[in-house]
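Below is one structure; the comments refer to it alone.
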Amino acid sequence: MSTTIYVPRDSAALAVGADRVAQKIAQEAEKRGQTVTIVRNSSRGLFWLEPLIEIATPAGRVAYGPVTPADVASLFDAGMLEGSAHALGHGLTEEIPYLKNQERLTFARMGITDPVSLDDYENHQGFEGLRKALGMSAVEIVKEVLDSGLRGRGGAAFPAGIKWKTVLNTPANQKYIVCNADEGDSGTFSDRMTMEGDPFMLIEGMTIAGLAVGATQGFIYVRSEYPHAIAALNQAIAIAELAGYLGNNILDSGKAFSLQVRKAAGSYVCGEETALLESIEGRRGIVRAKPPLPAIEGLFGLPTVINNVITLASVPIILAKGAAAYKSYGMGRSLGTLPFQLAGNIKQGGLVEKAFGLTLRELVFEFGGGSRSGRPIKAIQVGGPLGTYIPESQWDLPLDYEAYLAIGGTLGHGGVVVHDDTANMSVLARYAMEFCALESCGKCTPCRIGSTRGVEVIDKITSNTNREQQIVLLRDLCNTMTYGSLCAMGGMTPNPVLSALNHFPEDFGIA
Amino acid sequence: MNAAITTLDPDAQMRLHEILARHEGSATNLLPILHDIQEVMGYVPSDAVPEIARALNLSRAEVHGVITYYHHFRQAPAGKHVIQICRAESCQSMGAEKLLAHAQQQLGCAMHGTTTDGCFTLEAAYCLGLCASSPALTIDEEVHARMTPESFDALVAELRSQA
């Protein structure tokens with residue numbers, strides 16, 4: 001009898017040698033005359049354990065990790081194929097507390113299925129949302145998304161249903177669905193995992209969006225740093241077309257929707273929606289002034305829904321289970337779940353999907369296990385490179401859009417980057433300005449010039465050149481950037497800078 | 001009119017024309033065209049710019065502007081392998097700056113530079129989406145995480161031995 005062994009194909013597993021482990025398992029099994037079927041599944045998102053291999057046993061899947069090629073022989077010796085104990089063993093995967101204590105809605109299939117197996121997808125509730133949507137009117141679909149409380153998961157947290165409603169109510173012969181998969185925020189990888197690990201879910205979500213607003217064409221704009229995501233999406237789109245889930249007559253409904261992947265070219269600001277549209281149109285990714293909103297004049301000047309990967313990927317389950325089920329998670333106006341990404345100097349880094357409302361302390365210590373270096377944690381940056389550095393005094397706030405806004409922060413795309421006490425916050429503040437200078441599209445002055453001046457001013461502060469005066473100047477500059485920039489790039493760069501300055505003045509030489 | 005504007009060799013010209021024909025002369029396909037050119041030729045030669053501009057009915061300035069705007073496009077050939085070391089916050093928290101300094105020293109070239117043997121070009125990246133396993137880097141399209149100076153040296157030695 002053949003034993004099924006799962007070896008993830010997610011980039012984060014490949015980056016620590018999953019291919020070599022899979023190869024070694026195949027060799028070792030052949031040498032021992034044992035029949036095994038190796039499935040290259042998506043990752044569970046327990047990245048500190050990657051490569052995390054799983055064996056299918058009658059009791060459920062049993063996990064071993066992190067496995068190196070050198071461990072494979074001893075795993076076979078120990079009886080891995082029967083799920084026996086080993087120093088790298090973690091017992092039943094589903095019972096690992098990190099996984100068990102999550103609330104996985106969007107990531108329900110993650111790590112379980114083969115990402116490009118349509119059978120796997122269909123056997124795990126795949127396309128249930130689309131089938132339901134095909135039986136509904138456009139207005140009903142939009143209402144379901146509106147009622148679910150789903151807000152843009154890219155970072156801006158704008159209600160998705162309102163965006164969709166605007167596009168639905170704007171008459172045009174052609175409308176578009178654009179997926180913002182330019183996941184440039186450092187410390188985040190949930191879009192990458194979704195595209196690599198469950199691409200049909202994104203395809204399904206975008207198709208539903210098309211039905212909801214009357215768009216027949218979609219684009220997925222993926223960053224060039226994600227070659228594996230691009231490959232998985234292209235493969236999944238081809239499979240979905242063949243099976244009739246995409247094309248001119250989706251599941252014989254007479255409705256049409258087609259999708260294409262656009263590879264980005266390494267510009268961070270193209271994650272800003274209007275710059276992204278410019279880029280798809282073949283130009284430099286320069287931010288457009290708003291209004292007009294993309295929902296009214298978007299791609300090629302036509303009404304466009306532009307949403308982040310996780311926003312669109314959350315739609316199938318909302319349609320399948322209903323808005324009420326989705327909004328039963330979360331708190332206040334932050335409804336549903338957010339896939340948090342634990343990154344940086346953290347012991348147990350990975351993906352944690354939870355309802356809004358838990359605290360940073362719970363996330364970083366109960367799930368993350370504290371710092372990887374074992375040293376005390378100094379600051380945690382929440383929400384990507386434009387997010388605020390959170391000091392310990394604020395670690396007990398609920399992770400909720402409004403609570404973070406109230407402290408001048410943002411949940412952004414759910415990235416959580418941990419820094420231990422060796423971090424110098426003035427270096428990180430300088431880096432934020434440097435990054436803004438590097439990536440500014442150049443359209444507005446506060447961002448283009450302000451970022452370069454910001455680097456210089458921080459250098460003067462740290463070298464104690466007119467320090468007091470330069471601090472006043474830095475605050476003034478940040479104020480100009482916050483209120484005078486055209487988009488979030490310049491507008492939010494002051495977040496990491498000022499939070500570093502306010503909470504860790506000693507790192508700037510201020511006693 | 002076809003003459004004079006390019007000094008691309010006939011083989012490169014043929015490949016360029018194939019790419020332009022495949023994208024049907026639509027200006028909205030400028031990025032896919034540039035990606036294809038870079039994939040085939042390793043960079044976007046300046047001699048290709050007038051040809052691209054003419055095929056898409058754009059000015060040379062517009063095409064040049066796009067090529068230089070995006071970090072991904074190269075105007076000169078890179079080394080045999082391109083190493084991109086992530087220096088975003090998450091990797092910084094796990095020693096990316098040290099790794100970058102080590103790489104520069106080992107390779108004997110600065111950032112954006114190429115080793116004297118033409119084997120490696122060193123670049124920075126700003127997030128590779130491997131932030132739970134920092135520090136991370138890519139060599140061409142291959143990803144590597146939880147890097148140390150030692151594992152960096154091993155990777156470089158392995159690729160050098162294949163050269």
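The values are calculated or read from the model by the stated rules, or taken from the named source; none is laboratory data. Being a predicted model, the structure only gives us computed values, none of them experimental. Ideal geometry is used to build each Cβ from the backbone, glycine not excepted, and the neighbour counts take in all protein chains shown.
General observations
- Within region A:225-277, the set of residues being under 21 Å from A:Asn308 (Cα atoms), out of contact with any helix residue (DSSP H, G or I) (no Cβ under 8 Å at 6 or more places or on another chain) and either at the interface with chain B (Cβ under 8 Å from one of its Cβ atoms) or among the charged types (D, E, K, R) (or both) comprises A:Glu225, A:Pro227, A:Gly266, A:Glu273.
- Scan region B:141-163 for residues that are in contact with a Pro (Cβ under 7 Å, 6 or more places away or on another chain) and either β-branched (Val, Ile, Thr) or touching a residue at least 24 places away in the same chain (Cβ under 8 Å) (or both) and the total you get is 1.
- Residue count for region A:247-291, restricted to those that are free of Cβ contacts under 8 Å to residues at least 24 places away in the same chain and assigned to a loop (DSSP other than H, G, I, E, B): 9
- Helices (runs of 4 or more DSSP H) within region A:429-511 that include 2 or more residues under 20 Å from A:Ile390 (Cβ atoms): A:467-484, A:488-492, A:494-503
- Qualifying residue in region B:17-26 (condition: more than 14 Å from chain A (Cβ to nearest Cβ) and under 28 Å from B:Gly118 (Cβ atoms)): yes
- Matching helices (runs of 4 or more DSSP H) fully within region A:89-203 where at least 1 residues are surrounded by fewer than 24 Cβ atoms within 10 Å (Cβ to Cβ), at pLDDT 95 or above and within 14 Å of chain B (Cβ to nearest Cβ): A:97-100
- Yes/no for B:Thr116 being closer than 23 Å to B:Pro45 by Cα and among the β-branched types (Val, Ile, Thr): yes
Conditions tested, residue by residue: (1) within 14 Å of chain A (Cβ to nearest Cβ); (2) surrounded by fewer than 21 Cβ atoms within 10 Å (Cβ to Cβ); (3) assigned to a loop (DSSP other than H, G, I, E, B).
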site: B:Arg74; (1), (2), (3): yes, yes, yes
site: B:Gly79; (1), (2), (3): no, yes, yes
site: B:Ile83; (1), (2), (3): yes, no, no
site: B:Cys91; (1), (2), (3): yes, no, no
site: B:Met94; (1), (2), (3): yes, no, yes
site: B:His102; (1), (2), (3): no, yes, no
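- Qualifying residue in region B:52-70 (condition: among the aromatic types (Phe, Trp, Tyr), farther than 21 Å from B:Asp9 by Cα and outside any helix (DSSP H, G or I)): yes
- B:Glu62, sole failed condition from (1) within 11 Å of chain A (Cβ to nearest Cβ); (2) touching a helix residue (DSSP H, G or I) at 6+ places or on another chain (Cβ under 8 Å); (3) touching a residue at least 12 places away in the same chain (Cβ under 8 Å): (3)
Rundown of residues vs (1) under 16 Å from A:Thr106 (Cα atoms); (2) in a helix (DSSP H, G or I), yes/no style:
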site	(1), (2)
A:Leu293	no, no
A:Phe300	no, yes
A:Ile306	no, no
A:Leu312	yes, yes
A:Leu319	yes, yes
A:Tyr326	yes, yes
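- Boolean, B:Val40 is closer than 26 Å to A:Cys270 by Cα, among the aliphatic types (A, V, I, L, M), within 11 Å of chain A (Cβ to nearest Cβ) and under 21 Å from the mean Cα position of the chain (by Cα): no
- Looking across region A:328-373 at every residue that is more than 20 Å from A:Ser393 (Cβ to Cβ) and without any contact (Cβ under 8 Å) to a residue 24 or more places away in the chain, the one that is surrounded by the most Cβ atoms within 10 Å (Cβ to Cβ) is identified as A:Gly369.
- Residue within region A:421-428 that is among the β-branched types (Val, Ile, Thr), touching an Asp or Glu at 6+ places or on another chain (Cβ under 9 Å) and outside any strand (DSSP E or B) present: yes
- Whether a residue is assigned to a helix (DSSP H, G or I) and more than 11 Å from chain B (Cβ to nearest Cβ) was assessed, and A:Leu338 does not pass this test.
- Test: residue in region A:41-53 that is at pLDDT 95 or above and over 22 Å from A:Arg104 (Cα atoms): no
- Considering only residues in region A:48-70 that are touching a helix residue (DSSP H, G or I) at 6+ places or on another chain (Cβ under 8 Å) and in a helix (DSSP H, G or I), the one that is surrounded by the most Cβ atoms within 10 Å (Cβ to Cβ) turns out to be A:Trp48.
- Selection within region A:77-86 - out of contact with any Ser or Thr (no Cβ under 8 Å at 6 or more places or on another chain) and crowded, with 18+ Cβ neighbours inside 10 Å: A:Met80
- Residue match in region A:389-402 (condition: out of contact with any helix residue (DSSP H, G or I) (no Cβ under 8 Å at 6 or more places or on another chain), within 24 Å of B:Ala136 (Cβ to Cβ) and either assigned to a strand (DSSP E or B) or not polar (S, T, N, Q) (or both)): no
- Residue in region A:307-314 that is within 17 Å of A:Thr216 (Cα to Cα) and either crowded, with 23+ Cβ neighbours inside 10 Å or not assigned by TED's automatic domain parsing to the domain that holds A:Arg192 (or both) present: yes
- Considered as a group, the residues in region A:404-438 that are touching a Pro at 6+ places or on another chain (Cβ under 7 Å) and among the small types (Gly, Ala, Ser) include one that is nearest to the other protein chains (Cβ to nearest Cβ), and that residue is A:Ala432.
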